[in-house]
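Visitor: Take this structure first; my questions come after.
The values are calculated or read from the model by the stated rules, or taken from the named source; none is laboratory data. All figures in this text were calculated on a predicted structure; none of them were measured in a lab. Every residue, glycine as well, gets a Cβ built from its backbone with ideal geometry; the counts of neighbours run over all protein chains shown. Surface areas here come from the heavy atoms of the whole protein model, side chains and all, with no ligands, DNA or RNA. Shrake-Rupley method; radii C 1.70, N 1.55, O 1.52, S 1.80 Å.
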Amino acid sequence: MRRLKVIISYDGTLFSGYQVQPGERTVQAELERVLAIMHKGVQVKVTASGRTDAKVHATGQTLHFDTPLAIPAEKYSKALNVQLPRDIRVLSVEEVAHDFHARYDVAGKRYRYIWSCEPIQSPFRRYYTVETNGVKPNVEAMQEAAKAIIGTHDFSCFCAANTSVKDKVRTVTLLQFEWHGEELHMVIEGNGFLYNMVRIIAGTLWEVGIGRRKIDNVSHVVASGNRDKAGKTAPPQGLYLEKVFY
């Protein structure tokens with residue numbers, strides 16, 4: 001039995017998220033469907049670095065699975081891609097040690113959040129960015145406010161209220177903003193992220209950028225540990241899981 005580490009990219013628009021859900025189209029279900037075909041009806045469980053929500057995208061999701069097949073790792077990508085739907089692509093496959101675990105061995109992740117600030121919104125980007133109707137925020141203010149988030153904190157304030165996770169202490173190592181033409185990108189890296197954490201941070205810092213929230217308020221939000229004091233959860237289609245670090 002071999003263990004394979006796989007990096008995939010997917011367009012989350014038509015998925016109900018990564019994780020298998022009864023009666024829903026999910027990334028995991030599509031992967032396991034194709035693997036079952038390749039393994040002649042035997043179910044193969046896929047384990048990912050973590051789940052993503054409906055409409056959230058990934059350019060570098062990592063997973064692993066075990067297989068008895070002797071297909072060389074370098075040919076596995078083509079074998080999977082010819083059978084997967086076009087909104088999932090396998091980018092690379094490599095054989096790893098049997099104790100490698102795509103979820104438990106994660107050292108950190110990088111996410112990207114994208115706003116489209118074009119005066120006239122492109123119809124071709126509506127599923128991949130969040131439209132601002134031409135509003136351009138004060139990015140310098142957003143970057144200044146982001147300083148309160150970088151570091152090790154209890155991030156209860158940036159976590160969805162319905163989570164079952166008890167320990168909400170995480171470390172954010174990078175949080176920066178970049179202009180790419182008329183698109184504003186927020187890039188964030190850390191050793192782990194709570195449910196909806198990146199989208200709530202994006203929503204909170206956006207409020208700083210449009211003058212709805214003061215810069216120094218963000219440090220008070222973090223210290224409070226109160227979800228109600230943070231901003232709204234930003235829409236899902238602007239979020240990308242970009243890279244998983246091991």
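Visitor: Please pick out the residue among D105, D99, D87 that is surrounded by fewer than 14 Cβ atoms within 10 Å (Cβ to Cβ) and at negative phi.
Guide: Answer to the selection: D99.
Visitor: Right, P137: at pLDDT 95 or above, crowded, with 18+ Cβ neighbours inside 10 Å and either of a type in the set (S, T, N, Q) or assigned to a loop (DSSP other than H, G, I, E, B) (or both) or not?
Guide: Yes; evaluated as a whole, the condition is true for this residue.
Visitor: Is it the case that region 174-184 has a residue that's of a type in the set (D, E) and closer than 27 Å to D105 by Cβ?
Guide: no
Visitor: I've got another one for you. Spot the failing condition for N162; the list is (1) touching a residue at least 60 places away in the same chain (Cβ under 8 Å); (2) outside any strand (DSSP E or B), and only one is missed.
Guide: Of everything listed in (1) touching a residue at least 60 places away in the same chain (Cβ under 8 Å); (2) outside any strand (DSSP E or B), N162 misses just condition (1).
Visitor: Condition first: in contact with a Ser or Thr (Cβ under 8 Å, 6 or more places away or on another chain) and not aliphatic (A, V, I, L, M). Now tell me which residues in region 166-181 satisfy that.
Guide: K168, R170, T171
Visitor: Take the residues in region 174-191 that are out of contact with any helix residue (DSSP H, G or I) (no Cβ under 9 Å at 6 or more places or on another chain) and either aliphatic (A, V, I, L, M) or farther than 22 Å from W115 by Cα (or both), then tell me which one is surrounded by the fewest Cβ atoms within 10 Å (Cβ to Cβ).
Guide: Going through the qualifying residues, I end up with L174.
Visitor: Touching a helix residue (DSSP H, G or I) at 6+ places or on another chain (Cβ under 6 Å) and assigned to a helix (DSSP H, G or I): is that true of A79 in this structure?
Guide: No; evaluated as a whole, the condition is false for this residue.
Visitor: Are any residues in region 65-79 more than 17 Å from A29 (Cβ to Cβ) and not hydroxyl-bearing (S, T, Y), and if so, which ones?
Guide: D66, P68, L69, A70, I71, P72, A73, E74, K75, K78, A79
Visitor: R112: closer than 23 Å to Y18 by Cα, touching a strand residue (DSSP E or B) at 6+ places or on another chain (Cβ under 8 Å) and not hydroxyl-bearing (S, T, Y), yes or no?
Guide: yes
Visitor: Of everything in region 14-70 that's among the β-branched types (V, I, T) and in a loop (DSSP other than H, G, I, E, B), which residue is surrounded by the fewest Cβ atoms within 10 Å (Cβ to Cβ)?
Guide: Among residues in region 14-70 that are among the β-branched types (V, I, T) and in a loop (DSSP other than H, G, I, E, B), the one surrounded by the fewest Cβ atoms within 10 Å (Cβ to Cβ) is V42.
Visitor: Yes or no: region 195-207 includes at least one residue that is of a type outside the set (V, I, T) and open to solvent by 50 Å² or more (accessible area, probe 1.4 Å).
Guide: Taking every residue of region 195-207 in turn, at least one turns out to be of a type outside the set (V, I, T) and open to solvent by 50 Å² or more (accessible area, probe 1.4 Å).
Visitor: For region 109-124, check the following and say yes or no: at least one residue is more than 24 Å from A48 (Cα to Cα), open to solvent by 60 Å² or more (accessible area, probe 1.4 Å) and touching a Phe, Trp or Tyr at 6+ places or on another chain (Cβ under 9 Å).
Guide: No; the residues of region 109-124 include none that is more than 24 Å from A48 (Cα to Cα), open to solvent by 60 Å² or more (accessible area, probe 1.4 Å) and touching a Phe, Trp or Tyr at 6+ places or on another chain (Cβ under 9 Å).
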